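One structure below.
The values are calculated or read from the model by the stated rules, or taken from the named source; none is laboratory data. Keep in mind it's a predicted model, so treat the numbers as computed, not measured. A quick note on method: Cβ atoms are made from the backbone with ideal geometry, for glycine too, and the neighbour counts reach across all protein chains shown.
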Amino acid sequence: MSIFSERERAFENYFMHQEEIYFQVIALRNKLFAKWIVEHMDLDEHLRSLYIEEIGQLITEEINDTNLLRRAMTDLNLKGITITLDDVDKKLNECHELARQEFLREHL
């Protein structure tokens, strides 16, 4: 195997590893974010669990942050909860940082 092929393979492995880390952090972020959302909604324990699971799995559907924020705002507004998009966006960012820190704690 040539040096170029080895370097290419190493880069591909690095990229795959980075993507896996990103996926895990986003999945954890979504779960933390969903937990925050259900704290504001009047749901029984079963519905809370279902909601958290659903939001946690949204990454597999390649939902972007804009759609996630829109979904959160819609769900909160349907429950009569008034909150600004800025507040929800700040919380999503906080959840991302918490997820990143938790991932690093567990994997380093």
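For region 65-86, give me each residue that is of a type in the set (D, E, K, R) and within 20 Å of L43 (Cβ to Cβ). Matches in region 65-86: R70, R71, D75, K79. When region 5-40 is filtered for residues that are among the basic types (K, R) and within 15 Å of the chain's Cα centre (by Cα), the ones remaining, listed by number, are R29, K31, K35.
Within region 35-46, the set of residues being surrounded by 13 or more Cβ atoms within 10 Å (Cβ to Cβ) and either touching a His at 6+ places or on another chain (Cβ under 8 Å) or assigned to a loop (DSSP other than H, G, I, E, B) (or both) comprises M41, L43. Would you please name the residue that is modelled with the highest pLDDT, looking only at residues in region 47-80 that are touching a helix residue (DSSP H, G or I) at 6+ places or on another chain (Cβ under 9 Å) and not in a helix (DSSP H, G or I)? The qualifying residue modelled with the highest pLDDT is K79. Within region 71-97, residues that are touching a residue at least 40 places away in the same chain (Cβ under 8 Å) and within 14 Å of K31 (Cα to Cα) have Cβ atoms under 8 Å from residues that are surrounded by fewer than 16 Cβ atoms within 10 Å (Cβ to Cβ) and among the acidic types (D, E) in these pairs: L92/D65, counting only partners at least 6 apart in sequence or on another chain.
Of all residue pairs spaced 6 or more apart or on separate chains, none has beta-carbon atoms under 8 Å together with a first member in region 13-28 that is over 16 Å from R105 (Cα atoms) and touching a residue at least 40 places away in the same chain (Cβ under 8 Å) and a second member that is of a type in the set (S, T, N, Q) and in a helix (DSSP H, G or I). Taking region 28-42 as the range and being at pLDDT 90 or above and not aromatic (F, W, Y) as the test, the residues that pass are L28, R29, N30, K31, L32, A34, K35, I37, V38, E39, H40, M41.
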